[in-house]
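Okay, structure first, notes after.
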């Protein structure tokens, strides 16, 4: 395997400041309402935890784990739920929390599936909106950080299950 280095892209303190801003916006939008936050595992767990701790509105939490099959650089478009939500969502205001949205294929598939449960509303909150790779337009109601490119790790994002624990966002640069 080739070597690589981690290049800082977003400092931990800047990330935490952005989380404060996102939470303020969500609190305003859902004032007087309750919210169910659904985190997409594994990448969104740190983002979701830090985000819901900042919410002042009533919030419940659930998780879903989705797998898209294909090679390491491209999804096949075949998506499977390997861990489904456990709480009933009919009539609930849903905030789907994702670590990173790039092609939009998996998110688009899951948003269509969520509608079959008849929630009151569904909005998407993404830590990173990697818009340059978008193949399908998907709504991102709350975007933490917009980035054009780079293979990113940290704050839940991984490279071969490593680096999720980093408090900031880093770009993986591979050496030849």
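None of the figures in this text is laboratory data; all of them are computed from the coordinates on show. Keep in mind that what you see is a predicted model, and the values were worked out from it rather than measured.
Computed quantities for the displayed model
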{"item": "Largest-first principal axis extents, alpha carbons of the chain, Å", "result": "53, 37, 25"}
{"item": "The chain: angle of helix 12-29 to the longest principal axis, Cα-based, in degrees nearest 10", "result": "20"}
{"item": "The range 78-124: projected area of the alpha-carbon convex hull, averaged over directions, in nm²", "result": "3.5"}
{"item": "Convex hull (Cα only) mean projected area of the range 112-176, reported in nm² to one decimal", "result": "6.3"}
{"item": "With Cα atoms, 0 to 90° folded angle of helix 105-115 axis to the chain main axis", "result": "10"}
{"item": "Sum of -39500 (n - 2.57) over DSSP H runs of 4+, divided by residues of the chain (222 nm, nearest 500)", "result": "-7000 deg cm²/dmol"}
{"item": "Gain on full stretching of the segment that runs from residue 81 to residue 54 - 0.36 nm per residue minus C-alpha separation", "result": "6.9 nm"}
{"item": "Rel. contact order, % - alpha carbon contacts under 8 angstrom, at least six apart, the chain", "result": "26"}
{"item": "Stretchable slack from residue 67 to residue 28, in nm (0.36 nm times residue separation minus alpha-carbon distance)", "result": "10.7 nm"}
